[in-house]
Amino acid sequence: MGRVALDKPAPEFSAPDFTGRAVRLSDFRGENRVLLVFNRGFA
């Protein structure tokens, strides 16, 4: 997977929400949102 470029639209992706339901980036089109990513650490 490549890097996300600055000042470019984010690529489409999906990820589970806190209940395990899959949500897509396009589900939030037209809304202002912040994506937080928490690193679970190195195993």
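The values are calculated or read from the model by the stated rules, or taken from the named source; none is laboratory data. Quantities reported herein were computed from a predicted structural model and do not represent experimental measurements. Ideal geometry is used to build each Cβ from the backbone, glycine not excepted, and the neighbour counts take in all protein chains shown.
Things to note:
- Among residues of the stretch 5-21, those that are within 11 Å of the chain's Cα centre (by Cα) and not aromatic (Phe, Trp, Tyr), counted: 7
- Beta carbons closer than 7 Å, at least 6 apart along the sequence or on distinct chains, pair a first residue in the stretch 24-35 that is closer than 13 Å to residue 12 by Cα with a second that is of a type outside the set (A, V, I, L, M) for 24/12; 24/14; 25/12; 25/13; 26/12.
- Cβ-Cβ distances below 7 Å connect the following pairs, each with a first residue in the stretch 1-20 that is of a type in the set (D, E, K, R), a second residue that is surrounded by 10 or more Cβ atoms within 10 Å (Cβ to Cβ) and in a strand (DSSP E or B), and a separation of six or more residues or different chains: 12/24; 17/23.
- Selection count where residues are polar (S, T, N, Q) and either modelled with pLDDT under 80 or under 12 Å from the mean Cα position of the chain (by Cα) (or both), scope the stretch 22-35: 1
- Test: residue 38 is in a loop (DSSP other than H, G, I, E, B), modelled with pLDDT of 80 or more and of a type in the set (Phe, Trp, Tyr): no
- Against the numbered list (1) out of contact with any Lys or Arg (no Cβ under 9 Å at 6 or more places or on another chain); (2) surrounded by fewer than 10 Cβ atoms within 10 Å (Cβ to Cβ), residue 12 comes up short only at (1).
- Scope the stretch 16-43; condition surrounded by fewer than 10 Cβ atoms within 10 Å (Cβ to Cβ) and touching a Pro at 6+ places or on another chain (Cβ under 8 Å); matching residues: 22
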